[in-house]
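Participant: One structure follows; several queries about it will come next.
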Amino acid sequence: MLQFEAYLDQQLKTALKALNYPDIEYQFDRPKAEAHGDISVNLAMLLAKSLKQNPRQIAQQIVNALSLDSRQIAKVEIAGPGFINFFLAEAGLQARVPEILQGGENYGRFTLGESRPAMVEFVSANPTGPLTVGHGRGAVVGDTVANLLEWSGYKVTREYYFNDAGRQMRVLGDSVRLRYLELLGEKIDFPEDYYQGEYIKDIAAKVLQAHGSVLKESAETDIFKETAVREIFADINRTLESMNVRFDSYFNEMDLYRNGDIDRVIENLKKKNLAYEQDGALWFKASQFGLEKDRVIVKSSGEPTYRLPDIAYHIVKFQRQFEIMVDIFGADHIATYPDVLAGLRASGYDSSKVKVLIHQFVTLMEGTEKVKMSTRKANFVTLDELIAEAGGDVTRWFFLMRSMQSHLNFDLKLAKTHSEENPVYYNQYAHARICSILRNAEEKGIRCEGKTGLSASQFAPLREKSEFELIKKLLEFPKTVYKCALDYEPHLLPLYLSEVSTAFHKFYTECRVISEDEALTRARLGLCLAVKTVLGNGFRIVGVSAPERM
RNA sequence: GCUCCCUUAGCUCAACGGAUAGAGCAGCGGCCUUCUAAGCCGUUGGUUGGAGGUUCGAGUCCUCCAGGGAGCGCCA
């Protein structure tokens, strides 16, 4: 579609110039109704006001001024309040198929980022326990946004920020210690606000296995904490790996203290008179940056609040030269990021380079019953358990299907019982079907040409409606990737891919690929390969597998 | 009390400010001697939570109201 749009844009601009109309910004649209053509333009309606003319008349004048190549555009119509609708020529559509094949694994990529560095920071859960279903949504959204930025031409770093020090961690270590003592037969009183999960007992057992009972009387506590962090992190990474999520780097909050980044933030703010002492604490003048009130950054105990390291961390990101910094947060952090952005502005950085994406919560349903998710309570469904039930591909796809600002109901029961009828398999099945056809063709000795030796004329045998519909759908891929990336709306991709699959299944039902007609067979095999290309590329961005058989 | 998100078909959700609001699931009825039926076709289903406003045009933007969620800390 982009080729057609670029062509039309150029022609329309020429027409506007000839008519002495202002050169304004307008949109291309893919009309829903078939009768409205393949590409429509709202140009005339937008011009109506400044020209003080009837939009349909303006449209007519523009159309009259156009001289379009009939091999690209078959027909132009004016409709409704003043839309100009373009109908694509069959030859033009056929000619696009080899372009998809030539693009291959890179079809849909674009170069907007020009290899400039971007960072996506996500998950960033402290290693206190297994990831929750909520983390899963963040993980999938983050990884997919990262994939989209890569397809936009950015050089992307996926980073996991964590803190393995502080009160939270002391409680974790002590939780393990108590379970350890319990294993040694001691009667213990396990505090309510400690980590209740079974995994703590597993870690305690590991400590016992490695060190025996010598730690019973010892004052040593670090071993418990360190073992817990190591084990939990290993679990977290295993879980993420099962959803195809991998990180390029891990950033430990402690480094901000060791390297003096925290102190520098404080000094800088003080120097600029943007921080002051009150009640023994250090306050940041957030109110000078549009926020409701000032915020404490160092408690009277001398410990920083979470804001300070967060600000320092983002400054480090700037120093690492990232041009785009995306943060993925759950809705519970919604109130925290304005402080961080204000802190960045106060420190002299352009906070518009930081893009904060907030995803709403996942409500896990077991039938009609809500399952509450809290790390500290013993009763929760982990991301791991969800993946075990639904599978990595299904979990990924489901998390991505909905726009992130909408609450997601994930019905476990449905994921189990209807797993064969869910959209992931629908899409993967299309891919597997194509692979099967290609295998059959190969067995029959019909060679499907690869990237070379393809000419538009080879696709001239494609004449059926379902074939053209399929080609049109395939041609929307680059624009869809572009839009998903720029608007940070990954959910549009699964939606689009389902449309591709629908168009393919329809084509498959109506058109036999391998037939006696050799030219037609080869044209259709090429089309199948083009569908496989688009689905495969789409799956790669979404992060699900592209099965050859099902 | 204040801030952010949501409210669309029976259920879960889509829809760059565009034309007759769409999918999947659930329901009903069809289609396998031919490349994978995890598929296709048909059909039922709507006052887009309510009231105003902005404009050529509103599910989408603005104001108010109602309901649900998440926050509002010298916790993260």
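Participant: Need the failing condition index for A:Phe251 against (1) hydrophobic (A, V, I, L, M, F, W, C); (2) under 30 Å from A:Ala346 (Cα atoms); (3) at pLDDT below 95, just the number.
Facilitator: (3)
Participant: Could you give me the residue pairs with C-beta distances under 6 Å whose first residue belongs to the stretch A:231-256 and is without any contact (Cβ under 8 Å) to a residue 60 or more places away in the chain, whose second residue is in a helix (DSSP H, G or I) and open to solvent by less than 50 Å² (accessible area, probe 1.4 Å) wherever it lies, and which are 6+ apart or on separate chains?
Facilitator: Pairs found: A:Glu231/A:Ile203.
Participant: If a residue must be assigned to a helix (DSSP H, G or I), of a type outside the set (A, V, I, L, M) and either surrounded by 13 or more Cβ atoms within 10 Å (Cβ to Cβ) or in contact with a Leu (Cβ under 8 Å, 6 or more places away or on another chain) (or both), how many such residues does the stretch A:264-284 contain?
Facilitator: Final tally of qualifying residues: 3.
Participant: When only residues in the stretch A:72-101 that are of a type in the set (Val, Ile, Thr) and surrounded by fewer than 21 Cβ atoms within 10 Å (Cβ to Cβ) count, which is nearest to A:Ile471 (Cα to Cα)?
Facilitator: Going through the qualifying residues, I end up with A:Val76.
Participant: Sticking with this one: Does the stretch A:507-550 hold any residues that are near RNA strand B (Cβ under 9 Å from one of its atoms), among the β-branched types (Val, Ile, Thr) and in contact (Cβ under 8 Å) with a residue 60 or more places away in the chain, and which are they?
Facilitator: A:Val513, A:Ile514, A:Thr521
Participant: Which residue, of A:Pro309, A:Pro338, is within 13 Å of RNA strand B (Cβ to nearest atom) and either outside the structural domain of A:Leu148 (by TED's automatic domain parsing) or surrounded by 20 or more Cβ atoms within 10 Å (Cβ to Cβ) (or both)?
Facilitator: From the options A:Pro309, A:Pro338, the qualifying one is A:Pro309.
Participant: Determine which single condition A:Lys506 fails, assuming it passes every other condition in (1) in a helix (DSSP H, G or I); (2) crowded, with 20+ Cβ neighbours inside 10 Å.
Facilitator: (2)
Participant: Filter the stretch A:509-528 down to the residues that are open to solvent by 50 Å² or more (accessible area, probe 1.4 Å) and in a loop (DSSP other than H, G, I, E, B), then identify the one that is farthest from A:Leu462 (Cα to Cα).
Facilitator: A:Glu516
Participant: Something else: Quick test for you: out of A:Ala210, A:Ala234, pick the one residue that is assigned to a helix (DSSP H, G or I), of a type outside the set (Ser, Thr, Tyr) and open to solvent by less than 60 Å² (accessible area, probe 1.4 Å).
Facilitator: Sole residue among the options that is assigned to a helix (DSSP H, G or I), of a type outside the set (Ser, Thr, Tyr) and open to solvent by less than 60 Å² (accessible area, probe 1.4 Å): A:Ala234.
Participant: How many residues does the stretch A:121-158 hold that are of a type in the set (Val, Ile, Thr) and in contact with an Asp or Glu (Cβ under 7 Å, 6 or more places away or on another chain)?
Facilitator: Residues in the stretch A:121-158 being of a type in the set (Val, Ile, Thr) and in contact with an Asp or Glu (Cβ under 7 Å, 6 or more places away or on another chain): 2 in total.
The values are calculated or read from the model by the stated rules, or taken from the named source; none is laboratory data. Quick caveat: nothing in here was measured; it's all calculated off a predicted structure. Counting neighbours? That spans all protein chains shown, and the Cβs are built from the backbone with ideal geometry, glycine included. Ligands, DNA and RNA are excluded from the accessible area calculation, which covers all protein heavy atoms including side chains. Shrake-Rupley method; radii C 1.70, N 1.55, O 1.52, S 1.80 Å.
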